[in-house]
Structures are given as C-alpha cells and as structure tokens.
1. List the number of the failed condition for residue 349; all other conditions in (1) without any contact (Cβ under 8 Å) to a residue 24 or more places away in the chain; (2) over 22 Å from the mean Cα position of the chain (by Cα); (3) not in a strand (DSSP E or B) hold.
2. Answer yes or no as to whether residue 70 is open to solvent by 90 Å² or more (accessible area, probe 1.4 Å), under 19 Å from residue 288 (Cα atoms) and either touching a strand residue (DSSP E or B) at 6+ places or on another chain (Cβ under 7 Å) or not hydroxyl-bearing (Ser, Thr, Tyr) (or both).
3. Mind listing just one residue for me: the one in the range 126-153 that is open to solvent by less than 10 Å² (accessible area, probe 1.4 Å) and of a type in the set (A, V, I, L, M, F, W, C) and, of those, farthest from the ligand (Cβ to nearest atom)?
4. Quick check on residue 239: is it away from the ligand (no atom under 13 Å from the Cβ) and not β-branched (Val, Ile, Thr)?
5. Take the range 191-222 and flag every residue that is within 16 Å of the ligand (Cβ to nearest atom) and open to solvent by 10 Å² or more (accessible area, probe 1.4 Å).
6. Restricting to the range 351-380, name every residue that is closer than 20 Å to residue 39 by Cβ and open to solvent by 50 Å² or more (accessible area, probe 1.4 Å).
7. Given the residues 168, 116, 178, which is the only one that is within 24 Å of residue 266 (Cα to Cα) and modelled with pLDDT of 95 or more?
8. Among (1) more than 22 Å from residue 52 (Cβ to Cβ); (2) of a type outside the set (A, V, I, L, M); (3) touching a residue at least 24 places away in the same chain (Cβ under 8 Å), which single condition is residue 321 missing?
Amino acid sequence: MNKEFHIEEAEKHILHTYNRYPLVIDHGKGVYLYDTDGKEYLDFAAGIAVQAFGYGDGEYNAALKEQIDKVMHTSNLYYNVPVANAAKRLAAACGMERVFFTNSGTEAIEGAVKAAKKYAYTRDEKAGHEIIAMNHSFHGRSIGALSVTGNAHYREPFEPLMPGVRFADFNDLESVKALIHEKTCAIILETVQGEGGIYPAEPSFLEGVRRLCDAHDILLILDEIQCGMGRTGEMFAWQHYGVKPDIMACAKALGCGVPVGAFVMTERVAEKSLAPGDHGTTYGGNPFVCAAADKVLQMMETRQITAHVREIAPYLEQRLDELVGRYEFLTTRRGMGLMQGIVCEKPVGEIAAKALSAGLLVITAGSDVLRFVPPLIIEKKHVDEMADKLNSVLTTM
Ligand SMILES: *Cc1c(COP(=O)(O)O)cnc(C)c1O
C-alpha cells in the first residue's frame, strides 16, 4: 500500500526515462538498503558503482555535515579550501597534475574532449580535429559524450551529433590503427567497458594504443568513471597496466553519492589546453562536493580500500564461477576486482527483478550481462549471502 502509493505519485510527474524497479528506497546502513515497507536488500549495485563505502558511514557523513554549516557554494570566481584539498588528493592518486571538477560523469567527458581539441588546436594553430572512440562504449548522455558513445540505440534519435568521431573495435588494435590520420587528436576508451558488458581492456591492446598515441602525438583519454576509484583493486584501472593516460575522466564513486566528477590531465597537456575563458561551470568543484571528494579520497587511503578489494575480489570471482559452473545458461564471468559480469542466456532483466524480491540488488549491463558492482567494503559473508540469494533465483529460471 505504502509502496504503491509512492510509486504512483512519482510516476505522475517524473519524466518517464527509466523503467524503474518497483522499489522505493528509504534509507541505507552499511551494505544494506531498506525500502519504505522496511524490507532489507543486500546491495550489489551500489547506486551504479557509486556508494564505495556503502551507507551511513559516520566519518563521511560528519565531514559533509560540517561543510554544510560552513558554506555550500561559492562559484568558481573565488577560491575555497575543500577544492584545493580534493584536487591535491586526486592529482596524487593518479600521478597527474591538473584537475577540473564537474557535476557528473558526462560533463567530465565533455571537458576531456574539449581539453584534447584545445591541445591540438594550440599545437597546430587550427581547428578541425577528430577523435577515435570504441564500439559498445558508454561515455554519457550529453551530446558530446553521446558522440563518442558507440551504441546506436542511444545515439540515433539525437543525430546529427558532434562530427569527427570514428569508431574502432575495443581490444582490436588494428582497427584503431586503421582509423588514425593527421587530424586525429584523441583516442577515448573505458579501461574496463561498463555498460557495454564488463569488458576489461587487454594489456596488449592498451599498451598498443598508448604506443600509437605517443607516435602520433594523439592524446589518450581514459574513462575511469565506473572502473576507477579503487573498484578494480587499484585506485584507477589503468594502474594495473603500466599505461598512463594523458587525460582521465572520473566520477561515480568520487563523491560516494554527492554529484561530482572530474577530468584530470598531465601538465604537458595542460600547458597547451584549456585556458581562462575556454571552459567553466557554476557548481563544479563547489565546497560541498569537494568536501565529499576530499573525504572519500582520504578514506580510501586510510582504510587501504584497494588492498581490501584485492583481498575480497578473488572470493567474489570464486563464488560467481561456481554459479557459472552450475547453470548451463550462464556462459562466462569476466571483470576486474569488484566490477564483475556474468554472461547469461536467459533474460537478465527478469533475473534482476526476481533477485529484488529475494532481497538482493543486482543490475544488468548490455543485453545479456548480470553486473556486480557492490560497495567496496563488502566482506566474505556478504559475498556468500549474495551467492545464496542469487542461486535461489537462478534455480527458478
Ligand atoms: C556512468 C558513466 C558515465 C556517465 O556518468 P554520468 O554521471 O551518468 O553522467 C560515463 N562513462 C562511464 C564509463 C560510466 O560508467
């Protein structure tokens, strides 16, 4: 009754751009969420890879409350302390020098694309540069980010998009090489493709792309929005590869629920890139969101989150592999750290819906992948609870 009422009220006025699960979330604690009827859910979705520390973390909440009482927003016409602190920590975490804070992932991509174009414009003293992106990629919903997103379904109604984008195949170096020409200014890819179905880049592919970029003074833009911030067992997934981007986009877990993203570049790029007047944002990097980002980055360090992910992830892989071994319609598992996917030959939406009834939140990726992106603080007992609940659903399929 309670739930149906809230859903009906929401559907009266919210633009119908999502087919939402019939769940009205009230509050969270640790790695559990509770709906308005008091039902408990083990959360292996984490608000789409956002809630790295789960819900109700005392240290995080206290930092935000303190900042609320000081000042929420100042605009970027003035300095504030949290933005300097957050930028310093983010730069240190990735070993890159220049940070621009945004309000979302898609805006981080917009900024990264503009930064690459400006770099090439300064170097060549003329515009007209092009970008290579990947098929099955996902970079966001604004027009620029959509222009480098390799998914026809998301793009088509909004064409013409930004011109000058060519699509190669992820993990196929020859297909990238074939598209390079003198106007190419950047290659953009997710280090681990998320929405496209949880595909990690192969080391030889990422190394090869880096070499192509170096040979032609093309900038490598890595989208770490989903796979970054400790999720794979390194702060950023590219740190597994020994390959460094020129520009990185980051968001999702950066604020752990507070809307904040960033694009980060090396000093070498920054020297020829965005200058005063080239880019801006009213909210981006305001004291409130930066107090969150600063605290998140600090907590990841003090709580050694990447070490925890490296410790717990093999157990998640093992329990998922057991399920893949048990059910014929589950064909493979792939992923890195706490970003895992299972390829499924039965409707994944139906499985996710049934899991919800069983008190488990899992989400899908692409058309046939069950996605597991839990809070990074999960313990073995949560992995066991997830595997048991999922098993009880899979037996009914
Ligand atoms: C979620 C996501 C985005 C878009 O971020 P928003 O905050 O939704 O705009 C871009 N790239 C990747 C890889 C993502 O997972």
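1. Of the numbered conditions (1) without any contact (Cβ under 8 Å) to a residue 24 or more places away in the chain; (2) over 22 Å from the mean Cα position of the chain (by Cα); (3) not in a strand (DSSP E or B), the odd one out for residue 349 is (2).
2. Here the answer is yes, as residue 70 does meet what is asked.
3. If we take residues in the range 126-153 being open to solvent by less than 10 Å² (accessible area, probe 1.4 Å) and of a type in the set (A, V, I, L, M, F, W, C), then 132 is farthest from the ligand (Cβ to nearest atom).
4. Values: away from the ligand (no atom under 13 Å from the Cβ): yes; not β-branched (Val, Ile, Thr): yes.
Criteria met by residue 239.
5. If we filter the range 191-222 for residues that are within 16 Å of the ligand (Cβ to nearest atom), which is where we start, we get 191-201, 206, 220-222.
Residues satisfying the conditions are 195, 196, 199, 200.
6. Passing the criteria: 354, 357.
7. Working: 168 fails: within 24 Å of residue 266 (Cα to Cα); 178 fails: within 24 Å of residue 266 (Cα to Cα).
Just one listed residue meets the conditions, 116.
8. Result: residue 321 fails condition (3) only.
The values are calculated or read from the model by the stated rules, or taken from the named source; none is laboratory data. None of the values given here were measured: they were computed from a predicted structure. FYI the Cβ positions are ideal-geometry reconstructions off the backbone, even for glycines, and counts take in every protein chain you see. Each accessible area value is taken on the protein alone, full model and side chains, heavy atoms only, with ligands, DNA and RNA left out. Shrake-Rupley method; radii C 1.70, N 1.55, O 1.52, S 1.80 Å.
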